[in-house]
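These notes are about the structure you will find just below.
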Amino acid sequence: MDDERRRQLEADPRFAGFVAERGDALLRYGYVLAGNPHDAADLVQEALLKLRASWPRLRAKDNPESYVRTTMARLHTAAWRLRRRELLAWDPPEHGYHDALPSEDEQVMWETLAGLPRKQRVVLVLRYYEGLRDEEIAAALKISRGTVRSQASRALDKLRSAVGEHIEEGVMSDRGERR
């Protein structure tokens, strides 16, 4: 990077302001994508590095956060293409932000979501957390619309099955029945 461009970045407090203001939200988004705080932090860091390099071009845009979120989704997808398997654990983020503890049913749903294959999990996050349409998801992940729909369908079937089994177990134990 040349000295002039470096001075422009350092002279523009909007980048630092953006990171300070949206950093926690981006970390939560990364956590939803990756399923663990360490990979989430890596996603945020890599995406912010890319944003910083493009800041002079993007700072005029209304929403640089959409650039960062799209970059994070693409980085996550690229990582899962390289390593197809991972072990996820249900651990809360290590930062000061704390959501209310999930109910037992929600815990089962989160654990099942974390156990989904990466592609299925990313499709659900983009569809239901980001509110993207199938065409937008397909473009972001560079896969076909049919793949988006089939991955979402498989993931939802797994979530319904896991939560349904959990509810049935609870009903049986409330009645005092043996399984």
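Here Trp90 does not fit the description of being at pLDDT below 75, closer than 25 Å to Leu51 by Cβ and out of contact with any strand residue (DSSP E or B) (no Cβ under 7 Å at 6 or more places or on another chain). Taken over segment 105-156, the criterion of being surrounded by fewer than 19 Cβ atoms within 10 Å (Cβ to Cβ), not polar (S, T, N, Q) and not in a helix (DSSP H, G or I) is satisfied by Pro117, Glu130, Gly131, Arg133, Lys142, Ile143. If you filter segment 27-53 down to residues that are more than 9 Å from the chain's Cα centre (by Cα) and open to solvent by less than 20 Å² (accessible area, probe 1.4 Å), you find that the one that is modelled with the lowest pLDDT is Leu51.
Scanning for something open to solvent by less than 20 Å² (accessible area, probe 1.4 Å), within 29 Å of Arg127 (Cβ to Cβ), modelled with pLDDT under 90 and assigned to a helix (DSSP H, G or I), does segment 8-18 turn up at least one residue?
Of all residues in segment 8-18, those open to solvent by less than 20 Å² (accessible area, probe 1.4 Å) come to 9, 12.
Now drop any that are not within 29 Å of Arg127 (Cβ to Cβ), which leaves none.
No, that holds for no residue.
Arg5 fulfils the conditions (1) surrounded by 12 or more Cβ atoms within 10 Å (Cβ to Cβ); (2) modelled with pLDDT of 75 or more except for a single criterion, (2).
The values are calculated or read from the model by the stated rules, or taken from the named source; none is laboratory data. Note that the structure is predicted; figures quoted are calculated from it, not measured. Here Cβ is always computed from backbone atoms with ideal geometry, including for glycine, and neighbour counts include all displayed protein chains. Ligands, DNA and RNA are stripped out before the accessible areas are found, and what is left, the full protein with its side chains, is counted by its heavy atoms. Shrake-Rupley method; radii C 1.70, N 1.55, O 1.52, S 1.80 Å.
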